[in-house]
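Have a look at the structure below, then the notes.
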Amino acid sequence: MTERKVAVITGASSGIGAATARRLARDGFEVVVTARRTDRIEALAKEIAEDGGAVRAYPLDVTDRAAVDAFAAEVGPVHVLVNNAGGAVGAESVEAGDPADWRAMYEVNVIGVLNVTQALLPTLRATGDGTVLVLSSTAAMAAYEGGGGYVAAKHAAHTIAATLRLELVGEPIRVIEIAPGMVKSEGFAVTRFRGDEAKAAAVYAGVADPLSSDDVADTVSWAVTRPAHVNIDLLVVRPRAQAANHKVHREL
């Protein structure tokens with residue numbers, strides 16, 4: 001029997017992370033689901049196991065380097081790392097933005113990616129067939145009003161992926177970046193608008209089919225299951241209704 005490859009997914013308690021864990025488990029990976037919300041990842045692990053998947057749950061705050069290092073020492077061999085943990089806080093202008101919000105976004109979207117990637121690179125290298133995947137955003141490609149902090153953080157995440165790919169060329173590790181556009185995922189917009197459900201709903205108003213978390217998980221699955229010599233450097237995925245960050249067709 002072929003040994004299962006192990007995939008670590010950060011931020012797996014909801015949305016894209018949870019959908020990716022379910023999908024990779026169905027693909028035959030042993031998935032290691034991590035997030036701060038212990039109850040959510042334990043419930044997800046139970047669901048995946050009941051569906052016949054191989055799964056482990058680890059509570060983890062990716063911004064806590066000591067915790068990340070302890071996790072890396074315990075987890076064992078890892079073949080795929082999906083850096084999914086992230087998020088946006090606030091939609092104020094640069095002039096009105098709260099530095100604490102910017103700092104929080106930088107910590108999770110950038111330092112979190114750095115922490116987990118650094119900690120797991122030795123085991124990814126040792127497997128002889130490692131993949132580092134960074135889930136960035138189309139915000140990493142273009143700025144928009146009210147998005148300064150998030151845009152800055154995702155540009156930095158994009159730069160981590162691009163630089164790491166250059167630095168690891170010739171080694172048995174792929175570096176993939178997937179940049180989703182408009183995704184109607186659990187909690188993202190609500191968190192951004194500090195619990196304001198009406199503002200969150202307005203983001204998707206009139207858009208017939210924004211991307212779902214499952215759509216992005218399907219893209220992740222495709223990218224990480226290509227033959228080992230095939231690297232998907234950067235894949236931008238948007239709903240058909242979105243031609244660019246600022247150009248969205250709404251049926252109002």
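For the range 1-55, which residues satisfy the criterion of being of a type in the set (S, T, N, Q) and over 20 Å from H79 (Cα atoms)? Result: S13, S14, T38. Screening the range 215-248 for residues that are touching a Gly at 6+ places or on another chain (Cβ under 8 Å) and assigned to a loop (DSSP other than H, G, I, E, B) and picking the one that is farthest from G128 (Cα to Cα) gives N245. Summed over the range 42-90, residues that are within 30 Å of G181 (Cβ to Cβ), open to solvent by less than 30 Å² (accessible area, probe 1.4 Å) and not in a loop (DSSP other than H, G, I, E, B) total 8. Just give me the residues in the range 17-41 being open to solvent by 70 Å² or more (accessible area, probe 1.4 Å) and more than 19 Å from L120 (Cβ to Cβ), in sequence order. Once the filter is applied, which keeps residues that are open to solvent by 70 Å² or more (accessible area, probe 1.4 Å) and more than 19 Å from L120 (Cβ to Cβ), the range 17-41 yields R22, R26, R37, D39, R40. The condition of being open to solvent by 20 Å² or more (accessible area, probe 1.4 Å) and either of a type in the set (K, R) or over 23 Å from N245 (Cβ atoms) (or both) holds for only one of T127, T131, T191, that being T127. Checking the stated criteria, S185 turns out to be touching a residue at least 40 places away in the same chain (Cβ under 8 Å), within 13 Å of the chain's Cα centre (by Cα) and open to solvent by 20 Å² or more (accessible area, probe 1.4 Å). Under 6 Å between Cβ atoms, at least 6 apart or on separate chains: pull out the pairs that start in the range 8-32 with a residue that is farther than 18 Å from A88 by Cβ and acidic (D, E) and end on any residue that is open to solvent by 20 Å² or more (accessible area, probe 1.4 Å) and in a strand (DSSP E or B). Partner pairs satisfying both residue conditions: E30/A54.
The values are calculated or read from the model by the stated rules, or taken from the named source; none is laboratory data. Everything numeric in this text was worked out from a predicted model, so none of it was measured. Heads up, the Cβs are rebuilt from the backbone with ideal geometry, glycines too, and the neighbour counts pull from every protein chain shown. Just so you know, the surface numbers come from the protein's heavy atoms only, side chains and all, with ligands and any DNA or RNA stripped out. Shrake-Rupley method; radii C 1.70, N 1.55, O 1.52, S 1.80 Å.
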